[in-house]
Structure formats: structure tokens, C-alpha cells
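What follows is a single structure, and I will ask about it in a moment.
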Number of protein chains: 2
Amino acid sequence: MTGLRQSWVESANDPETDFPLNNLPYGVFSTEGSAPRCGVAIGDMVLDVAGLEAEGILSAGDPPVFSRPSWNAFMELGPEGWTGFRAALMALLKTGSPMRGRVEPFLVPLDTVRMHMPFDVAEYTDFYAGRNHATNVGTMFRGAENALPPNWLHIPIGYNGRASSVMVSGTDVRRPWGQLKSPEMEAPVFAPCKRFDLELEMGAIVGVPSQGPVSVQEADDMIFGYVLLNDWSARDIQAWEYQPLGPFQAKATATSISPWIVTKAALEPFRTSTPAREKELLPYLREPGPMIYDIDLMVTLAPEGGVPTVIAETNYNEMYYSAAQQLAHHTTSGCPMRVGDLLGSGTISGAEPRQRGSLLELSWGGKEPVALDGGAERSFLEDGDVLTLLGAARGDGFRVGFGACTGRVLPALDDPYAR
Amino acid sequence: MTGLRQSWVESANDPETDFPLNNLPYGVFSTEGSAPRCGVAIGDMVLDVAGLEAEGILSAGDPPVFSRPSWNAFMELGPEGWTGFRAALMALLKTGSPMRGRVEPFLVPLDTVRMHMPFDVAEYTDFYAGRNHATNVGTMFRGAENALPPNWLHIPIGYNGRASSVMVSGTDVRRPWGQLKSPEMEAPVFAPCKRFDLELEMGAIVGVPSQGPVSVQEADDMIFGYVLLNDWSARDIQAWEYQPLGPFQAKATATSISPWIVTKAALEPFRTSTPAREKELLPYLREPGPMIYDIDLMVTLAPEGGVPTVIAETNYNEMYYSAAQQLAHHTTSGCPMRVGDLLGSGTISGAEPRQRGSLLELSWGGKEPVALDGGAERSFLEDGDVLTLLGAARGDGFRVGFGACTGRVLPALDDPYAR
């Protein structure tokens, strides 16, 4: 594995930065009084690639693509364009680059910028591809004997989510109202959600469109990059609504993503294999090589005014199905895929209790509340809680990180129909 | 109820036209060598409103909105803009209009144009709000005792569909491949769908965005218009994949819509009430007035080279939940709604066997094949079949019609991975 690539941006050579030269993730930023535009994180700075493009120092082609508030136009250029641009960025930012003097004025300190959605989400699909998560949830709802649905070992199970609810890290999340009915109630009530939860996921972004079925290898080639993803979930709304057509309003309040798209190119050194198959997959789902990534993941929860406690630690390599397998399955019906489609991995849980990616699992349905530093405990999220997902692939003397994916829970509206 | 409004476009005064002056539906058309743009159907003509706008004869505001291949920019103007434009169109086209001479050059015969998608679908949600359909399907799958799920009389059950698969009438539909496994099979196979079906639905188009929960009245005010919708469904794929998260690839091959958006304004005279409630609805779902429409619907099936047989006739007023109720429910979680969101009503079936809106119901799961004129019969769709949905509200001496929503079934690919 390659080691840290040295940059003349000194902070990028810190072994603990999320954004060394090896990474170069793509985001959309603005500064006070300026419009949102494309930027690349390097150490503790953002490189204003829209500015470089305007000055003719860096280009991805004609017409210009970086002055917009999304990376979709760049994605449309396709894998060759992606590769060429990444090589050009590397050349500009590496130690000894003769371009340093012209590039340096376009570095903006990260702590002075505001981050925006890095891309326009065409459609959002959420999967259920973590075996520990599916087993945990299935055990709670159907008993250990029937934990995994019969199709689970054959299909990367997924459902269509709501693209309009995807928001960038840092956006507050309002506790939803919804229909609630526990088994002992005669009829449902309309009330604020009482079991509001997180789901620790990775999101894969489709950068190449397709019109018909694609193989797993072709699907992998279509993926542009990855983000951290928190699929906020209203467990009590879901329990009452989800039969027979799946989750709907329980998942439509918000889905938070980290502001930086870590490219597939940056993650290449961290490829690893999905777990051994318990049942042989149909040929269209078989992987021609390692298709998942070794990415350490962590969740912290900070009560209002309190300090963050690490409530879960796991790894993306726990997934039974890779994003490439999910995308290949997504196309089997002929479903057209578009640039900007977002695929959520499904909740990522390890085998151990501390490795579970949702409070539903961590508190075992509320029966074993999670202890927080400072003495509080949580079965589900409370108003004012700040949730943060963190993730990084670890190389030799460097890390390829995602930045934080954070969100604060706001109290439910007093009266949702008052405006 | 008002009668037929007289137009100087003679064919618009025919009591059997779908497009009298009372209707004025919105579509996107092109002629040989010209770009797709906005048009309005009147009798057997299309009024080129992009041309009228360019000439300064008709305007909906600044910047121009009609030269694009979608009505989204017009929808963005909001209900006041919609009302003003409709009034202006009426004035131009009514008998005696002094503008006739200037407008007439912008009429293009309907039979010379090609129709395109009338709007950009932001997201697509499909509901399950027909009680007869839900009861029929539930009876087949779970027995008559458990036909309706416990939540059905309380929630307009819906799931997110796939916007990229929505296509305009006239587009061929390729029979999909997918994972199939009947209960007696040991493991699934990957094969072409054997139980390909239609679903007769209406689609409601959201024309006003929202950020938080809206009332049923507000939801109704947000709806721009309606189309016919055929939610093509692979029953065998669905049966194996849909637990626990709902339909996914079974519904992602194609959803066809009629090319003309019939505005809510044109349908006003045909408002009627949803059926009496078996269980009282929660206050947020109660309708302040009649919210469904009296629209006759019909489905025909023509085998390859054969004549069409009417296989079903029903009415939109069979729905238990209106589009306004569905949209209000859709927003309860805070789910943001956007201009161009499409809501499928769910399959519309009447109480009688001949009134069922899917072959699944018409053939009772394949046990009672449907007889076609000419001697053929159908349990599910066969390659080459042409399916057509028709719909019209009937006034005194006129009809407000939707035009046809049609699609032909192409055979499955020999090898979906050959390219």
C-alpha cells in the first residue's frame, strides 16, 4: 500500500488529518457573501476549484463545471474525466509543484467556510445489506428462528427512499409527527415520534447512467464516490405503517450525508472482500474481485450542552452486499439509473453489542438503555441530542477520512398545522 | 354544471372529443425537425403556446416558460399564474375571439405531432388506496379474513416508486428479468418475468412545494393536475422480493402516463366525495369537502396484430383516499414535497369482476383467464400485447378526456448482459 503522499499544504501531511493528498474529496462550499461552488478538501483548507477554473489554472473541460453548487456536471464527464482531473489536482498540490504560487491564493481555511449539499440527489435508494443489523432487527420483531427473511441471502433487499429529504451534515432535524399505534392500542393516534433513531450507513453515488441490466463490475465502474449517511428513522411510525409496502413516512423526515464525497479512486487501496456466502449467489450478483472497503466507522451522541460519547464503532467491511452488487441488482428490471442517484448501504452493525449502528439495536428495542458519559442514558434520541458519524480508511501513516456527518434533533412542532 | 363551452376551433365542439374548450390540457409536443415544447390540446389540434409566447401573443410572465420540454417552469408560477393563464387561453379560443386570426397559425394537427413527457418527475410515490383492489389482492394472498391490513382503514398506504422509470404513453415496455422463486422452489432463479401485469391508476401532479405538514385542503390546493397512469408490475418478482421492505424491482421497469395533464381547474365540475368511512379518520386526514373526481376509466388489451378488447371499466370515484389525503399524509413526517412530484392513486378497481384494474385481479391470480375478442385469453400480459388506458369525466354534452395511455410489451432480452 502506498504511504502518505506529501503536499506543500503542510496541514495535509499530518497523519491525523482526514484530508491528505491521498484523499482529495469533493464538496460544495461558500464563504460570507460568496455563492456556493465546488471545492476540494486538502488538510485544513478548501481548494476553490471554481476559482482555479475561472483563472484558467485548472479545467475539466468546456463548458466550465465547478462554478455551480453541485458536482453533478463534473460527474457527467465520466470516469476518464474523473481520472484526468484527479491527476491534475495531485500535480498541483504535491510537494515541489511549480504551480504552488498560482494555486495558493485559492486555498480557503476550512473553519471559515459553510458546506452545502455536494451534489443534486437524483433518486435515493436505501438497502438493508448488513447481516448483523438484519439479524438483530429480525430477532427483535420475529424471533431468532425467523430473523433473516427467506430472500435475504439471495437479494440485496432495498426500497426507494425520498431524495428530497437528503440534507447535508449540520442541518438540524425536526422530530416528526406521525401515526402511532402500539399493539395494545385500539386505534392509532397522531403524535410526535417517541422512538426517533439513527442508522449508521455509507452512501454510494452513481456517476454514470445506465438504461438496462449491468454486471457487478460495470456497476462498480459507475460509482463515483462515497459519503457517510445517517438514515434518521422513526421506529414507532415504521412499526405501524410498514406492512405491506415498506417504510414510508418513518424514513422521510431526513437523511443526513457528510459534506465531502470521497472518490472511489481515493478508496482503491482499501478494497477488501465481502464475507463468505452462506448460500451461493446467482451469477449476476457474483463479485469479480474485492468490492467493499475497509473503513472504520464511529457514532457519537452528545446530549444538549453535554459532551459526546462514542456509542458505536464498526467497519464498512461488515456488509454482506457491496454497493456494486446493490447497483447491479437495482438495474435487473431495466430500471434506468441516473447521475446523482444515491444508494444507502443499509445499517452497518458488527457482531458485538458495541458495534451496532442504531439505537434500536444498541438499546435492544429500548430494554437496555445505552449509558452516556455524564450519567445520562438513551434508549432512543432525545431533543437536543447531537449525533455525529465519523469514518476513515487507515493507511500507513495517513487516513482517508470523510469529515463529520452531524445533526441535532429539534423538538417536534407544537402544532404541525400552525403556520 | 356548465355545458360545452363553444370554441372557434370547430373540432373542439364535438361532444365526443376529449379536448373541448372546457378541458385545455397541457402537454409537450414536437413536429418533424422541431424541438419539444409546450402545447395545449383543443379538439383535434395542438395549440403551440411556445410559439404564441415567442410572438408576444400569450405570456405567463417573465422569463418565458413554454419553449422548454416540460411544464415545470409554468407550475413554479403557482396557482395564481395557473388561473390567469387558463383564463387567457379561454379568451383566445372561445367563439368570437377577436384574436382568432393571430392564434390560428399556431394550431398544429394532433395527428402530426409526437408527444413527450409533459413534465419532469421530481419523485414518484405510489399509493394503495383502492379498497376493492386491496381487498382482492389481500384475499388472494392472505385469505378473506385478513384481506385488509390493520392499518389500511387509517393510513393511505404508499411507497416510494422510481421516477426514472416514468415514461410517456406510446413508449414500448420491455418485459423485465428478475429473481423468481415460487414457494415450491428450493432456490430462486434469474429469469424473465412470467406474470407481467398492468395497474390502472390516476396520477396527481404536485405543483406547489411544501416543507412541513399540510392539511388536506392545503394539499388539494398544491395539486396542479392529473394524468392516467399504468404502473406496470412484475407479480412474480414482487412476490419474492417484497418482504420486509416493499416492492422494488417489480415496479421499476416502467410506469406509463398519458401525455396530457388535465388541470384540476378543468376537473372542478366533476368533484365528488370519497366513500363513507368504516372507521373514523384521524383529524389530519378528514376532507373539508368533495376531494375525488367522477372520471370513467377503461382498459383495453390488443394482442399483437389483433383488435382491442375492453377488459375493465371502472371509475376514479372508487378510491377510498383522495390524492389530497395522500399528499397530506405524505407531508406528516416533514417530508419536503417539490414541484413535479407524482402521486399514483393505487390500482382502481370497482366492486364487480369486470371493474378490476389489474390482470392479477381480473384473472384471479391466473385461475380465471380473461377472454379476448377473437378467441385468445390472458392471465397475464404476453409479448406484443398493447395495453391502453382511457379516461374521461362526462359533462352535459361534452367530456373532459385524458387521451390514451398506451404501451406495448416487448419480449425480454435474450441475454440482459450482452451489449
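Using the Cα centre as the reference, give the magnitude of the dipole from point charges on the C-beta atoms of chain B (Lys, Arg: +1; Asp, Glu: -1; all else neutral), rounded to the nearest 20 debye.
Details: 32 positive and 51 negative charges, 93 e Å.
So the dipole magnitude of chain B works out to roughly 440 debye.
May I pose another question? Once the dipole of segment A:217-280 is set up with Lys and Arg at +1 and Asp and Glu at -1 on Cβ about the Cα centre, which of A:M222, A:S256, A:P244 lies farthest towards its positive end?
A:S256
Given the convex hull of the Cα atoms of segment A:124-410, what is a quarter of its surface area in nm²? It would help to have the intermediate numbers written out before the result.
Details: hull surface 60.5 nm².
Average projection, Cα convex hull of segment A:124-410: 15.1 nm².
Now for a separate question. So what is the orientation-averaged projected area of segment A:47-160, using the convex hull of its C-alpha atoms, in nm²? Write down the numbers at each step before the final one.
Working: hull surface 45.8 nm².
The directionally averaged projection comes out at 11.4 nm².
If you don't mind, there's one more thing I want to ask. May I ask you to report, in nm to one decimal and beginning with the shortest, the distances from B:P109 to the same position in the other copies, taking label points 7 Å along Cα-to-Cβ?
Going from nearest to farthest copy, the values are 7.3 nm.
Could you calculate the FRET efficiency of A:S30 with A:E278 from 1/(1 + (r/R0)^6), where r is the beta carbon distance between them and R0 is 45 Å, rounded to 0.05? Please list the in-between numbers first.
Working: r = 48 Å, r/R0 = 1.07.
Efficiency computed from Cβ-Cβ geometry: 0.40.
Considering just Cα atoms, how many Å³ per residue does the convex hull of segment B:339-415 enclose?
Numbers: hull volume 14.6 nm³, N = 77.
Convex hull volume per residue, Cα atoms: 190 Å³.
As a test of the definition: with a 1.4 Å probe, what buried accessible area, both sides summed, do you compute for A against B, in Å² to the nearest 100? Mind dumping the intermediate values first?
Numbers: alone 17590 and 17590 Å², together 29720 Å².
Its buried surface, counting both partners, is about 5500 Å².
Kindly state, to the nearest 0.05, the FRET efficiency for A:E55 paired with A:Q217, given R0 = 30 Å and r defined as their beta-carbon distance. Kindly include the intermediate steps, with their values, before the conclusion.
Numbers: r = 39 Å, r/R0 = 1.29.
Calculated value: 0.20.
Here's another thing I want to ask about it. By what distance, in whole Å, do the Cα atoms of segment A:244-368 stretch along each of the three principal axes, largest value first?
Cα extents, longest axis first: 49, 35, 33 Å.
Here's something else I'd like to know. Provide a list, ordered by number, of residues in segment A:157-183 showing at least 50 Å² less accessible area with every protein chain present than when their chain is taken on its own, using a 1.4 Å probe.
By number: A:N160, A:R162, A:S164, A:Q179.
What does the copy distance list look like for A:A276, label position 7 Å along Cα→Cβ, in nm and ordered from shortest?
Distances to the matching label points in the other copies: 6.4 nm.
Moving on. With every protein chain in place, what's the accessible area of A:R195 (1.4 Å probe, Å², nearest 10)?
80
Cα-based count: Lys pairs in the protein assembly as shown below 28 Å, eight or more positions apart or different chains?
Counting lysine pairs in the protein assembly as shown gives 23.
About the Cα centre of segment B:10-116, what is the dipole size in debye to 20, counting +1 per Lys and Arg Cβ and -1 per Asp and Glu Cβ, all else neutral?
Working: 7 positive and 14 negative charges, 47 e Å.
With only Lys, Arg, Asp and Glu charged at Cβ, the dipole is about 220 debye.
Moving to a separate point now. Please report the carbon-and-sulfur percent of the accessible area for the protein assembly as shown; probe 1.4 Å, protein heavy atoms only, DNA, RNA and ligands left out. Walk me through the numbers before you get to the answer.
Details: 15420 of 29720 Å².
Accessible surface attributable to carbon and sulfur in the protein assembly as shown totals 52 percent.
Work out the mean other chain Cβ neighbour count within 10 Å for the residues of B:307-314 and drop it here as an integer.
Numbers: counts 0, 0, 0, 0, 0, 0, 0, 0.
Per residue, the average neighbour count from other chains is 0.
Can you bin segment A:170-279 into rounded, prolate or oblate? Criterion: square roots of the alpha carbon gyration tensor eigenvalues sorted a ≥ b ≥ c, rounded for a/c under 1.5, prolate for a/b above b/c, oblate for the rest.
Working: a/c = 2.60, a/b = 1.95, b/c = 1.33.
It comes out prolate by the Cα gyration axes.
Shortest first and in nm with one decimal, please list how far the A:L410 label point sits from its counterparts in the other copies (point 7 Å along Cα→Cβ).
4.7
Determine the dipole magnitude for the protein assembly as shown: charges of +1 sit on the beta-carbon of Lys and Arg, -1 on that of Asp and Glu, nothing else is charged, the reference point is the Cα centre, and the result goes in debye to the nearest 20. Before the final figure, lay out each step's value.
Numbers: 64 positive and 102 negative charges, 7 e Å.
The dipole magnitude comes to about 40 debye.
Additional query: With labels modelled as points extended 7 Å from the Cα through the Cβ direction, what inter-label distance (nm, one decimal) is found for B:E186 paired with A:E268?
Output for this residue pair reads 4.3 nm.
Toward the positive end of the charge dipole of segment B:267-419, about the Cα centre and with charges on Cβ (Lys, Arg +1; Asp, Glu -1), which of B:H330, B:G350, B:P303 goes farthest?
B:H330
Can you tell me the FRET efficiency between A:M90 and A:D172 if r is taken as the Cβ-Cβ distance and R0 is 30 Å, rounded to the nearest 0.05?
About 0.25, to the nearest 0.05.
For segment A:35-55 and segment B:378-419, write down the distance between their C-alpha centroids in whole Å.
One Cα centre to the other: 50 Å.
How far is the Cα center of segment B:169-202 from the Cα center of segment A:248-262, in Å?
Taking the Cα centre of each part, segment B:169-202 and segment A:248-262 sit 31 Å apart.
What share of all Cα pairs of the protein assembly as shown, in percent, falls into each consecutive 20 Å distance bin?
15, 46, 32, 6, 0
Still on this model: Largest first and in whole Å, give the semi-axes of segment B:23-107's equivalent ellipsoid, each being the square root of 5 times a Cα gyration tensor eigenvalue.
Numbers: eigenvalues 63, 55, 28 Å².
They are 18, 17, 12 Å, listed from largest to smallest.
Given a 1.4 Å probe, how much area per residue of segment A:129-174 is accessible, in Å²? Let's see the in-between values first.
On the way: 1520 Å² over 46 residues.
Here the residues of segment A:129-174 average 33 Å² of exposed surface.
Taking only DSSP H segments of four or more residues, each worth -39500 (n - 2.57), what value at 222 nm results for chain A once the sum is divided by all its residues, to the nearest 500 deg cm²/dmol? Each step should come with its number before you reach the end.
Details: 10 runs with 72 residues, N = 419.
That calculation yields -4500 deg cm²/dmol at 222 nm.
Mind putting together the pair-distance distribution for segment B:59-104? All Cα pairs, 10 Å bins, whole percent per bin, short to long.
25, 46, 28, 1
Given the rotation relating A and B, tell me which residue in A puts its Cβ closest to the axis and the distance in Å.
Nearest residue, distance rounded to whole Å: A:G246, 1.
Okay, next question. Pop a pseudo-label 7 angstrom from the Cα along the beta-carbon direction at both A:D62 and B:E10 and give the gap in nm to one decimal.
5.5
Separate question: List the GluC sites (Glu not before Pro) within segment B:1-53 that fall in a DSSP loop (any state other than H, G, I, E or B) and whose Cβ has at most 13 other Cβ atoms within 10 Å. Could the numbers behind the result be given before it?
On the way: sites: B:E10, B:E16, B:E32, B:E53; in loops: B:E16, B:E32.
Passing both the DSSP loop test and the Cβ count: B:E16, B:E32.
Rolling a 1.4 Å sphere over the protein heavy atoms, what is the accessible area per residue of segment B:10-116, to the nearest Å²? Can you show the working numbers first?
Numbers: 4710 Å² over 107 residues.
For segment B:10-116, the solvent-accessible area averages 44 Å² per residue.
The values are calculated or read from the model by the stated rules, or taken from the named source; none is laboratory data. What you see is a predicted model; the values in this text were computed from it and never measured. For neighbour counting, all protein chains shown are included, and Cβ atoms are generated from backbone atoms with ideal geometry for every residue, glycine included. Only protein heavy atoms, including side chains, enter the accessible area calculation; ligands, DNA and RNA are left aside. Shrake-Rupley method; radii C 1.70, N 1.55, O 1.52, S 1.80 Å.
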